[in-house]
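Please treat every number below as a calculation from the coordinates, not as lab data. For clarity, every value in this text was computed on a predicted model and none was experimentally measured. In this analysis, Cβ positions are derived from the backbone assuming ideal geometry, glycine residues included, and neighbour counts consider all displayed protein chains.
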Ligand SMILES: Cc1ncc(COP(=O)(O)O)c(C=O)c1O
């Protein structure tokens, strides 16, 4: 019944949705209405870093709901959860990234960052990377790397060009006309592609030399996923803007970007209300996000990520696995063909493990579980994946 209405009335994102009828979720598991239990290896695409329905996040949500929901667009009223979250985020970031602009999603945060680089520099040319994924809205889409997802929506934003992620030669294309360069700290949807710290340092230097703003998209890598709270701190650089969402809300919708006070002040004047959103920084989402930050910190979740990554890598050995690319608990198991990936996803699902593929890399299996996944769950997940590959 529900299933029929799902297909009839909910706009379908793809021809073959997973279509599990979710009954409830708890910790590292999802449960369907038929009583099946699934170990979640994708965490709602890097969202549920602290596990599903994390008790501390739930308490924060309930307490905030008892106080107030939306009152007025953020930045007008002083609302405790927003202020405390902004302060905590600022404390987690290096100077001068002390101010936070709250929105509702990753794409929306990217849009805000695109506007900010134009407003601050007075330039309009923006560089993105090949294979990048920054979201589905028109600005974010303009930055994305994969032509298949763009071609039917043209014309997109003018002034946008692409450089190759990790390629030193392409840094020459950053010049005094470039307003900003948008880079994912780890390219998630490209199938987990990393770049050397020396690349990030050279990128930073070129941006500084040309007065270009460096924007790091930490929407998928933030909140502990790669083994540090923010991924970029592993490269010894400080960007001009950090963009965040996904794991930020502990399962609630929220996004934001952080920049210096001097830069974010540009949205205060000429025009006033330079970047606003009715629900941006919703107090319940902010309360959930603050609880998420505290949980990650108090339980040392980021510090355990490397060990868990190694456990996955050690237990995932099979002739069909061509390569494993990983950055902490953001992992791509390369199988070389979409058919093989789809088959493996299907077999894993039958055996109670949820995996997925990547938007711009359908030949690799996605492994990005809640950071709360336990060693014994990693071992049994790897057994299931191996059994699925054997079928
Ligand atoms: C790196 C990155 N940036 C941006 C986005 C877009 O975020 P949202 O789906 O919240 O708009 C995503 C979503 O997958 C992402 O992985």
(request) Could I have the simple spin-label model distance between residue 167 and residue 73, label points 7 Å from Cα toward Cβ, reported in nm to one decimal? (result) 4.1 nm
(message) Quick check: the distance between the Cα centres of segment 231-304 and segment 371-389, to the nearest angstrom?
(response) 31 Å
(request) Return the whole-Å distance between the Cα centroid of segment 17-40 and the Cα centroid of segment 105-129. (result) 38 Å
(message) If neighbour count is taken as other Cβ atoms inside 10 Å, put 293, 248 in order from fewest to most.
(response) 293, 248
(request) Using only the Cα atoms, work out Rg/Rh for the chain, with Rh taken as the Kirkwood radius, to two decimals. (result) 0.96
(request) Kindly provide the helix-only [θ] at 222 nm of the chain, computed as the sum of -39,500 (n - 2.57) over DSSP H runs of four or more divided by all residues, to the nearest 500 deg cm²/dmol? (result) -11000 deg cm²/dmol
(request) Can you tell me the 0 to 90 degree angle between the C-alpha axis of helix 80-92 and the longest principal axis of the chain, rounded to 10? (result) 90 degrees
(request) Tally the DSSP beta bridges in the chain and give the antiparallel ones as a percent, rounded to 5. (result) 60 percent
(message) On C-alpha positions alone, give me the angle between the axis of helix 197-210 and the longest principal axis of the chain, in degrees, nearest 10.
(response) 20 degrees
(request) Rank the residues 386, 278 as a footprinting-exposure proxy: fewest other Cβ atoms within 10 Å of their Cβ go first. (result) 278, 386
(request) Apply 1/(1 + (r/R0)^6) to the Cβ-Cβ distance of residue 319 and residue 176, taking R0 = 45 Å, and write down the FRET efficiency to the nearest 0.05. (result) 0.30
(message) Give me Rg/Rg_expected for segment 1-146, where Rg uses Cα atoms only and Rg_expected = 2.2 N^0.38 Å with N residues.
(response) 1.34
(message) Take residue 3 and residue 148, extend 7 Å from each Cα along the Cα→Cβ direction, and tell me the distance between the two endpoints in nm.
(response) 2.8 nm
(request) Can you tell me the relative contact order of segment 197-328? Whole percent, Cα pairs under 8 Å, sequence separation 6 or more. (result) 24 percent
(request) Working from Cα positions, state the angle (0 to 90°, nearest 10) between the long axis of helix 106-121 and the longest principal axis of the chain. (result) 20 degrees
(message) Residues of segment 155-191 with the amide nitrogen closer than 17 Å to a label point 7 Å from the Cα of residue 115, along Cα-to-Cβ, please.
(response) 157-158, 180
(request) May I ask you to derive the FRET efficiency for residue 298 and residue 24 from their Cβ-Cβ distance with R0 = 30 Å, giving the value to the nearest 0.05? (result) 0.75
(request) For segment 6-146, calculate the relative contact order in percent as a whole number, restricting contacts to Cα pairs under 8 Å that are 6 or more residues apart. (result) 11 percent
(request) Quote the relative contact order of the chain in percent (integer), defining contacts as alpha-carbon pairs under 8 Å separated by 6+ residues. (result) 23 percent
(request) Arrange 359, 127, 329, 157 by Cβ neighbour counts within 10 Å, fewest through most, would you? (result) 157, 359, 127, 329
